[in-house]
Amino acid sequence: MRDTSEYKASSFRKSLTFAFHGIVYAFHSEKNMRRHFWLFNALAAVELVLRPPLTAVVVSLFVAACMFSAELFNTAIELAVDVSVEWKHHPIAGVAKDVAAGATSMLAFGSLFVAIWVMAMAAPLRFRLFSTVHLGATWLLIAAAVAMWILRYWPIHRFPVDHVPEKETQDGV
Ligand SMILES: Nc1ncnc2c1ncn2[C@@H]1O[C@H](COP(=O)(O)OP(=O)(O)OP(=O)(O)O)[C@@H](O)[C@H]1O
């Protein structure tokens, strides 16, 4: 095995590149990441139509980022557990994965309250897709959506990812 010191990020730019690799890998290998991606698009579409104020948009984007972050942690834990038990069955490995999945589910549940609050902030609910209200919030939403699409569809073969688990391929959700 090679010495891990050679992977140490020597600059901020390198650290960001490693983080980017991680996110792209997770989008390619994890079906839940792809589910969250489509949920995020649904959220962005609803907010573009209803046009809640900037505060509600910022909070909802932050919660969406937390959700993606939780799923990334979950993926990292699953991979680390699989490596540590060498893909063999171990009761504690199973518990570790269940706990990580539980953490993600908790956040998903909490996100529902934020979704309800965003709807309340958008009241009275009207079709405002072509309106010019809350333009700052609208541009923020569009920028966030574009960034997510880039991360989701960035070609993985450009990165030194040796193995994408067979259980989750590019197909599917
Ligand atoms: N090595 C293992 N030893 C014992 N139980 C395991 C092991 N790996 C997985 N499990 C059990 O199977 C469940 C599913 O594990 P798996 O690795 O397939 O996660 P997953 O279904 O891909 O999760 P997610 O949908 O969050 O990606 C775990 O939550 C755990 O209960």
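When only residues in the range 107-119 that are exposed (fewer than 11 other Cβ atoms within 10 Å of the Cβ) and not aromatic (F, W, Y) count, which is farthest from the ligand (Cβ to nearest atom)? Spell out the reasoning first.
Our first condition is that a residue be exposed (fewer than 11 other Cβ atoms within 10 Å of the Cβ); within the range 107-119, this holds for 109, 112-113, 116.
Adding the requirement that they be not aromatic (F, W, Y) leaves 112, 116.
Details: L112: 19, I116: 25 Å.
Restricting to residues being exposed (fewer than 11 other Cβ atoms within 10 Å of the Cβ) and not aromatic (F, W, Y), the top hit is I116.
Screening H89 against (1) assigned to a helix (DSSP H, G or I); (2) within 16 Å of the ligand (Cβ to nearest atom); (3) over 28 Å from T17 (Cα atoms) leaves a single unmet condition, (1). Annotation note: of A100, A70, A96, the sole residue that is in contact with a Leu (Cβ under 6 Å, 6 or more places away or on another chain), surrounded by 16 or more Cβ atoms within 10 Å (Cβ to Cβ) and either at pLDDT 95 or above or outside any helix (DSSP H, G or I) (or both) is A70.
Looking only at the range 128-151, decide whether some residue is loosely packed, with under 14 Cβ neighbours inside 10 Å, within 16 Å of the ligand (Cβ to nearest atom) and at pLDDT 90 or above. I'd like the intermediate steps shown before the answer.
Just the residues of the range 128-151 that are loosely packed, with under 14 Cβ neighbours inside 10 Å, to begin with: 129-133, 135-136, 139, 142-143, 146-147, 149-150.
Of the ones still in play, those that are also within 16 Å of the ligand (Cβ to nearest atom) are none.
There is no residue in the range 128-151 that is loosely packed, with under 14 Cβ neighbours inside 10 Å, within 16 Å of the ligand (Cβ to nearest atom) and at pLDDT 90 or above.
The C-beta contact set for the range 88-111 (first residue over 11 Å from I77 (Cβ atoms), second residue hydroxyl-bearing (S, T, Y) and surrounded by 15 or more Cβ atoms within 10 Å (Cβ to Cβ), distance under 9 angstrom, 6+ apart or interchain) comprises S111/S60.
The values are calculated or read from the model by the stated rules, or taken from the named source; none is laboratory data. This one's a predicted model, so the numbers in the text were calculated from it and none came from an experiment. For neighbour counting, all protein chains shown are included, and Cβ atoms are generated from backbone atoms with ideal geometry for every residue, glycine included.
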